[in-house]
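To keep things clear, I will list the structure first and then write my remarks on it.
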Amino acid sequence: MKNKATSLDIAFQAGVSQSTVSRALRNSPLVNPETRQKIQRLAKELKYKVDKNASNLRSQHTGTLALLLFEDPTSDDSMINPFFLSMLGCITRAAAVNGYDLLVSFQQLSEDWHADYEDASKADGLILLGYGDYIDYAEKLNQLKEQETHFVRYGSVEDGQTGVSLGCDNFDGGYVMTKHLIAQGHKSFAFLGGADAHCPEFQARYQGHCKAIVEADLPVNQTMQIDAISTEDSGSDAARTLLSLDERPDAVFCASDMIAVGALTQFHRQGLSVPDDIALAGFDDIPVAHLTSPQLTTMQQNTKLAADRLVESLIKQIHNTPVESALIPAKLIVRESCRKSN
């Protein structure tokens, strides 16, 4: 009986190394498309079949990535921030395109939370979504680095952070949204959302918001920055606090769409019309943003691009290719909740 073809046979005919063959058959982006197609064609012609168990033992790779979500307060039982639901689907697809399975779980913030994944050979690397209080979370990232775990995180991107992070350009997003509100004729503003180091993404959005106001020679009223986490209830509470102040703003910029949905509900309860009495804007462009009445003006995060880059960055780390943190631009989506004031 004729011996089965091996990866060495393919490597010889293709004029490449055996490791290049292995990467090409996993659709690794580290192999250029022409070489990848050539290797895959030879494998088909030679009727080569990958022995996944033997391959994993040789390479010490599982062919699996782990996507770890942070448990967030939600109005349902999912405990997943709605923004990350869209990201989850895109990451699943990006992993499959690159020949990887995806293991999805919640992050465990115990001392050895990383041990169940790469250390235990369940996954070759980790994608981290969400983190709660970033000051507490930063120490967990240091633990991952000390363990030499491959990981990439979606969130704030700042100098000196541990590991590789990809995230929205939150500062520019806050700036662009506020420039839009100013162009519509609004002159006084409130910001609903945390604005300190515990929530650096919201903080950057607020800083961009303030920059646009200052550039327009308008006053920044710090009493109208009201803390809120990304839930409807928190947004509603923040809006109630805002309306209890002596001054009411022309426009309210919320650090997330979930906060904005809660604020919109509170405004309606108190008899205010959006946008006639007060303009409202959010951030993220989750599906509910175009289902509210009025539909929500917001900054859109590109979840497909983010997912592709997260998976690509993690695979490069797994194969010892250097990667750097990066920002992804947000896009202004104008809907009915903001229009020119009188």
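Taken over the range 36-73, the residue count meeting the criterion of being within 32 Å of the chain's Cα centre (by Cα), at negative phi and modelled with pLDDT of 85 or more is 8. The residues in the range 159-174 that are closer than 20 Å to residue 303 by Cα, outside any helix (DSSP H, G or I) and open to solvent by 30 Å² or more (accessible area, probe 1.4 Å) can be counted, and the count is 1. Within the range 20-37, the set of residues being in a helix (DSSP H, G or I) and surrounded by fewer than 15 Cβ atoms within 10 Å (Cβ to Cβ) comprises 33, 34, 37. Which one of these is surrounded by fewer than 23 Cβ atoms within 10 Å (Cβ to Cβ) and touching a His at 6+ places or on another chain (Cβ under 6 Å): 333, 318? Just one listed residue meets the conditions, 318. Within the range 224-258, the set of residues being free of Cβ contacts under 8 Å to residues at least 24 places away in the same chain and hydroxyl-bearing (Ser, Thr, Tyr) comprises 241, 244. Residues that are open to solvent by less than 50 Å² (accessible area, probe 1.4 Å) and either of a type in the set (Phe, Trp, Tyr) or free of Cβ contacts under 8 Å to residues at least 40 places away in the same chain (or both) within the range 283-315 comprise just one, 283. Contact map, the range 190-218: residues that are without any contact (Cβ under 8 Å) to a residue 24 or more places away in the chain paired with residues that are open to solvent by 40 Å² or more (accessible area, probe 1.4 Å) and of a type in the set (S, T, N, Q), Cβ distance under 7 Å, separation 6+ or inter-chain. Pairs shown: 196/203. A single entry from 256, 341 fulfils the requirement of being at pLDDT below 95, more than 30 Å from residue 19 (Cβ to Cβ), open to solvent by less than 60 Å² (accessible area, probe 1.4 Å) and touching a strand residue (DSSP E or B) at 6+ places or on another chain (Cβ under 9 Å): 341.
If only residues of the range 217-235 that are among the small types (Gly, Ala, Ser) and under 20 Å from the mean Cα position of the chain (by Cα) are counted, the one that is least open to solvent (accessible area, probe 1.4 Å) is 228.
Every residue in the range 175-216 that is open to solvent by 40 Å² or more (accessible area, probe 1.4 Å), closer than 20 Å to residue 300 by Cβ and not in a helix (DSSP H, G or I), please. 184 - this is the single residue of the range 175-216 that is open to solvent by 40 Å² or more (accessible area, probe 1.4 Å), closer than 20 Å to residue 300 by Cβ and not in a helix (DSSP H, G or I).
The values are calculated or read from the model by the stated rules, or taken from the named source; none is laboratory data. What you are looking at is a predicted structure, and each value in this text was computed from that prediction instead of being measured. No Cβ is skipped: glycine too gets one built from the backbone with ideal geometry, and neighbour counts run over all protein chains shown. Side chains included, ligands, DNA and RNA excluded: accessible areas come from the protein's heavy atoms. Shrake-Rupley method; radii C 1.70, N 1.55, O 1.52, S 1.80 Å.
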